[in-house]
Amino acid sequence: MAENNNLRIWQQNINASLIAQQDLLKTLGKNEYDICVIQEPYLDMMNRTRANPYWIVVYPTTHMTEPKKTRTVMLVNKKLATDRWEELEVDSGDVTAI
């Protein structure tokens with residue numbers, strides 16, 4: 001069987017809504033998409049977003065120093081080998097890059 005090298009990417013603006021983000025996680029399933037890029041993610045009082053066990057959360061590199069300026073996060077499906085991607089440093093809460 002040939003290996004599929006196509007990435008399936010979903011992008012959505014959540015408008016900082018916990019309900020919208022939970023709904024998105026249900027919609028994504030566990031294997032249909034490889035990467036999910038979220039604009040205006042929900043962040044709780046600890047400045048953490050929500051995900052489920054199928055995803056690795058990638059925050060902007062500025063998130064730890066300026067969490068209130070975080071306007072994007074990326075979810076990477078755990079089925080993608082971690083040695084095949086790495087977080088890229090971008091000096092902005094508007095950009096999350098791998």
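The values are calculated or read from the model by the stated rules, or taken from the named source; none is laboratory data. Note that this is a predicted model, so its numbers are computed, not measured. Here the Cβ is made from the backbone with ideal geometry for all residues, glycine too, and neighbour counts use every protein chain on show. Note: accessible area is taken over every heavy atom of the protein model, side chains too, but ligands, DNA and RNA are not part of it. Shrake-Rupley method; radii C 1.70, N 1.55, O 1.52, S 1.80 Å.
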Quiz item: Quick one: what pairs do we get from segment 61-77, first residue over 24 Å from Trp10 (Cβ atoms), second part of a loop (DSSP other than H, G, I, E, B) and open to solvent by less than 20 Å² (accessible area, probe 1.4 Å), C-beta under 7 Å, 6+ apart or different chains?
Solution: Glu66/Gly93
Quiz prompt | All positions within segment 18-55 that are in contact with a Ser or Thr (Cβ under 8 Å, 6 or more places away or on another chain) and without any contact (Cβ under 8 Å) to a residue 24 or more places away in the chain | solution = Asn47
Practice problem: Inspect all residues belonging to segment 29-38 and state whether any of them is open to solvent by 30 Å² or more (accessible area, probe 1.4 Å) and in contact with a helix residue (DSSP H, G or I) (Cβ under 9 Å, 6 or more places away or on another chain). | Solution: no
Quiz item: Of the residues Arg8, Arg50, Arg71, which single one is open to solvent by 50 Å² or more (accessible area, probe 1.4 Å) and in contact with a helix residue (DSSP H, G or I) (Cβ under 8 Å, 6 or more places away or on another chain)?
Solution: Arg50
Practice problem: Can you confirm whether segment 63-74 contains a residue that is under 22 Å from Asp94 (Cα atoms) and acidic (Asp, Glu)? | Solution: yes
Quiz item: Just wondering, is there one or more residues in segment 16-34 that are part of a strand (DSSP E or B) and either at pLDDT below 95 or under 20 Å from Glu87 (Cα atoms) (or both)?
Solution: no
Quiz prompt | Members of segment 11-20 found to be more than 14 Å from Arg71 (Cα to Cα) and either surrounded by 13 or more Cβ atoms within 10 Å (Cβ to Cβ) or small (Gly, Ala, Ser) (or both), listed by number | solution = Leu18, Ala20
